[in-house]
Amino acid sequence: MANDLNSVILVGRLTRDVELKYASTGTAMMRFSIAVNRSRRNQDGSWSDDPNYFDCMYAGRNAESVSQYLEKGRQVAIQGELRQSKWTDQEGQNRSRVEIFVNNLQLLSTPRDGSNANSSSYGSSGSYSRGPQNNSYSRPEPQRAPQMNELHDGPEDFQDDDIPF
């Protein structure tokens, strides 16, 4: 068996509001794009940002829950893996696309313009993750952001029957 590694961790800002759809099985599928800036020094010695854009897909119950908090400009941290989709278009041309399949998503800030109506009900930070081996999900309480003395090392594990939605 090969020892391959496919892991991506990025911090960036959403380039548009998220797109939430449901598969025929009822699974929530959320697509979004983030911009990640790379700072570089110009010839005159000044610094400038070069944005890189990444398409992302997040699936499952947490995608449905967190979608209401994600809007253009919001900063997020994501952890996931690269996945390639291949298809044939209507003209018979082979096409492919690489996107990040998100396993963990953490809300880091409100949009840059500061207009986030949801931030008061959720807080400016939260984390949503999908268990990699089983379909257990975890999420923090949505009423308020945790205080420093309440933080713990990792998310709590819940069984699907324990989640009230």
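Whole-Hz Karplus values for region 71-80 come out as 9, 3, x, 6, 8, 9, 10, 10, 10, x Hz, taken residue by residue from phi with 6.51 cos²θ - 1.76 cosθ + 1.60 and θ = phi - 60°; glycine and proline positions read x.
Could you work out the Kirkwood radius for region 30-98, taking every pair of different alpha carbons, averaging 1/r and inverting it, reported in Å? Before the final figure, lay out the partial values.
Working: mean 1/r = 0.0659 Å⁻¹.
With all distinct Cα pairs of region 30-98 included, I get 15.2 Å.
For N37, the residues whose modelled amide H falls within less than 5 Å of its own, excluding neighbours fewer than 5 places apart on the same chain, are N52.
State in Å² the accessible area per residue of region 1-119; use a 1.4 Å probe, count heavy atoms of protein chains only, and round to the nearest integer.
Details: 7490 Å² over 119 residues.
Per residue, region 1-119 has 63 Å² of solvent-accessible surface.
The values are calculated or read from the model by the stated rules, or taken from the named source; none is laboratory data. Every value quoted in this text rests on a predicted model; they were computed, and no experiment measured them. Surface areas here come from the heavy atoms of the whole protein model, side chains and all, with no ligands, DNA or RNA. Shrake-Rupley method; radii C 1.70, N 1.55, O 1.52, S 1.80 Å.
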